[in-house]
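Peer 1: Just dropping this structure here.
Throughout, read-outs are computed from the coordinates displayed, never taken from laboratory work. Predicted, not measured: the structure shown is a model, and the values here were computed from it. Backbone-built Cβ (ideal geometry, glycine too); neighbour counts: all protein chains shown.
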Amino acid sequence: MSGTAAAVAMSGVGVTFGAGRPNAVTALEGIDLTIQPGEFVSLIGPSGCGKSTLLRVVADLLSPSSGEVRLGDRSASEARANRDYGMVFQSATLLDWRKILANVELPLEIMGFDPDERRARAREMLELVRLSEFEDHYPWQLSGGMQQRVAIARALSFKPSILLMDEPFGALDEMTREHMQMELLNIWQTTGTTVIFVTHSIPEAVFLSTRVVVMSPRPGRITDLIDIDLGLPRRFETRENQQFFELITSVREALRRVDPAVSEPWG
Amino acid sequence: MKTRARTVVRALGVLLTAALLWEGYKAMGQATGGVWPFTEVALPVRTNERSMPHTWDIVMALFRPARRGGELLLLVLVKAALFTWRSAVIGFVSGAVIGFGLGVLFARSRLAERGLMPYVAASQTIPVLAIAPVLVVWGGKLGLPTWVAVTVISAYLAFFPVAINTLRGLRSPEVTATELMRSYAASPKQELWKLQVPASLPYLFPALKIAATASVIGALVGELPAGMADGLGRAILGFASSFSAAPEKLFASVLIAAMLGIGFVGLVALAERLTLPSLSPGRAEPEVVPA
């Protein structure tokens, strides 16, 4: 890792909505965060802490009011133009007039890959998320978990070095969710992609990440960085491990310091 | 195609029910002497042969010569309908293209929407009966053939629903879908054709159905001041003036006019079925707008 640029480097990032107006809202303030290639970093914090906003700043879907974001040796907007990252949202956001294979091909189509290459890559990605036999289905014929796997395949189809995920499993039931977490970890380890993962769930953040970033609301700030040294690969038993519980406790404590009133729902 | 068979049966059922109601009302009126049963209250429409000819007389009239020794009424009316339809199709297509173009423009530019939308909306408050003669006169002054004015009137009625629904449809994708396209650094053109236009189709087709009927109405109304003798508009007017002598001919021409509108909407519905093969649960079939 020495000598190479950080995967993502944010310095002094601030976002103010409606700046200059009396009802201006400071969503983010003084964010400094450096993420190394291959890391899996979760952003966690109560509602309104700006974690999704921060993800959108990294994605160049939102311009910061202050500070700088770099992805590798590019600015955020250059990185977007260069298709350096793939994005997954809480809703799968599949285009319902396209079959599954065509949905995975969408970014490749936009990026001008030729049809054969497109098809081959999309098939490879569907294999990765184990949905090959569904390539001729329409999105609405798939369960929520399967749709989200398609969304992940789509985000990875053009082999971006960074994967940005905004509460991707937030709408799934607990069992599907744990299953998806294992799948995501496998994909992450297979592809070596850097992941930034926004979540509301403490166990999810701990189980998945190499590092958890705890954020506080009003204005959104980073209050704690917690290294998750659970070792790799993570297994089903990892969740029953003493160290896992201890790490969950330390993230929960960090969240409680952030906002005692709203940390309860995560208990 | 089980559903298609069901559609045909349903359509015939509606037709039969309408005929039965017509005949039932007529029979009731004739039995009571033109009042509601057990009252002295007069029926709103008289039930004599002139006001309400028998349904079978209307149908039979189609198969008798329109004029003594002339062509069958059906043939005359179908020819007139096809003539009118030609104007309506040109009006429909140009109206749809203009409406779609305006929708795209408005979706792209809030400024254009704010600046032009009030005029677009206001254009529809001018009665077509008022604007039709003006357009015919202008067309005449410019030396254009009369059918041009008729198609302009037809397009004038057709473009509006298309413009409004195209705009709604282009704005229908959820925010994350738009963000997704931006995350791929898609060009505005790619976003339009790969996301917005496909997403707008379920909004566009109901508008096209409304536009189809509106374009027929526009063509019919336009033919009157234009003095086009070959169209259905003129035929209806002609039979209306000889109403007392042969009321069934007027009703027969109304029937053909209705069938023209329904047929045109049916064609659009067919195009819709071919374009949207995946009628998912999340994509409910839009209702057919009554003519």
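Peer 1: Taking the inverse of the average 1/r across all pairs of different Cα atoms in the protein assembly as shown, what Kirkwood radius in Å do you get?
Peer 2: 28.6
Peer 1: Between B:Phe38 and B:Trp193, what length comes free when the chain is fully extended (0.36 nm per residue of separation minus the Cα-Cα distance, one decimal in nm)?
Peer 2: So the chain would gain 49.3 nm between B:Phe38 and B:Trp193.
Peer 1: Please sort by residue number the trypsin sites (Lys or Arg not before Pro) in the stretch B:1-98 whose DSSP state is loop and whose Cβ has at most 16 other Cβ atoms within 10 Å.
Peer 2: Numbers: sites: B:Lys2, B:Arg4, B:Arg6, B:Arg10, B:Lys26, B:Arg46, B:Arg50, B:Arg67, B:Arg68, B:Lys79, B:Arg86; in loops: B:Arg46, B:Arg50, B:Arg67, B:Arg68.
Answer in residue order: B:Arg46, B:Arg50, B:Arg67, B:Arg68.
Peer 1: Say the dipole of the protein assembly as shown comes from +1 at the beta carbon of Lys and Arg and -1 at that of Asp and Glu; which of B:Ser241, B:Leu180, A:Ala120 then lies farthest toward its positive end?
Peer 2: Positive-end residue among those listed: B:Ser241.
Peer 1: For the stretch B:176-236, state what percent of all Cα-Cα pairs lands in each successive 10 Å bin, counting from 0 Å until the bin that includes the largest distance.
Peer 2: The distribution over the stretch B:176-236 is 20, 25, 17, 16, 14, 7, given as percents.
Peer 1: Right, another one. Among rounded, prolate and oblate, which fits the stretch A:57-206 when a ≥ b ≥ c are the square roots of the eigenvalues of its C-alpha gyration tensor, a/c under 1.5 means rounded, and a/b larger than b/c means prolate?
Peer 2: oblate
Peer 1: Sticking with this one: Between A:Asp224 and residues 5 or more places away or on another chain, which pairs have amide H atoms under 5 Å apart, with H built 1.01 Å from N, and which residues are they?
Peer 2: Answer set, sorted by chain and number: A:Val214.
Peer 1: Please work out the Cα center distance from the stretch B:234-271 to the stretch B:70-117, rounded to the nearest Å.
Peer 2: Going from one Cα centre to the other spans 19 Å.
Peer 1: Additional query: Can you pull the one-decimal nm distance between simple spin-label points at B:Thr17 and B:Arg64, each 7 Å off the Cα toward Cβ?
Peer 2: Label-label distance for B:Thr17 and B:Arg64, simple model: 3.1 nm.
Peer 1: Enumerate the calculated ³J(HN,Hα) couplings along the stretch A:236-243 in order (Karplus 6.51 cos²θ - 1.76 cosθ + 1.60, θ = phi - 60°), each rounded to whole Hz, writing x wherever the residue is Gly or Pro.
Peer 2: Coupling constants for the stretch A:236-243: 4, 5, 3, 5, 9, 7, 4, 4 Hz.
Peer 1: While we're here: Given a Förster distance of 51 Å, report the FRET efficiency between B:Lys141 and B:Thr7 from their Cβ-Cβ distance, rounded to the nearest 0.05.
Peer 2: 0.60
Peer 1: Just want to confirm a number: the relative contact order over chain A, from Cα pairs under 8 angstrom separated by 6+ residues, in percent.
Peer 2: Rounded, it is 24 percent for chain A.
Peer 1: Cα centroids of the stretch A:26-105 and the stretch B:38-53: how far apart, whole angstrom?
Peer 2: 73
Peer 1: A further question on this structure: I'd like the mean, over residues of B:164-175, of how many other protein chain beta carbons sit within 10 Å of each residue's own Cβ. Provide the component values of the computation, followed by the final result.
Peer 2: Details: counts 0, 0, 0, 0, 0, 0, 0, 0, 0, 2, 3, 4.
Per-residue shielding by partner chains comes out at 1.
Peer 1: Still on this structure, please answer the following. Within the stretch B:23-56, report the chymotrypsin sites (Phe, Trp or Tyr not before Pro) that DSSP leaves as loop and that have at most 14 other Cβ atoms within 10 Å.
Peer 2: B:Phe38
Peer 1: If chain A were replaced by its equivalent ellipsoid, with semi-axes equal to the square roots of 5 times the Cα gyration tensor eigenvalues, what would those be, largest first, whole Å?
Peer 2: They are 29, 23, 18 Å, listed from largest to smallest.
Peer 1: Loop only per DSSP, at most 16 neighbouring Cβ atoms within 10 Å: give me the GluC sites (Glu not before Pro) in the stretch B:1-105, ordered by residue number.
Peer 2: For GluC sites (Glu not before Pro) across the stretch B:1-105 that sit outside H, G, I, E and B with at most 16 neighbouring Cβ atoms in 10 Å, the list reads B:Glu40, B:Glu49, B:Glu71.
Peer 1: How big is the equivalent ellipsoid of chain B along its three axes, where each semi-axis is √(5λ) from the Cα gyration tensor, reported in whole Å from largest to smallest?
Peer 2: Over the Cα atoms of chain B, the semi-axes work out to 41, 25, 18 Å.
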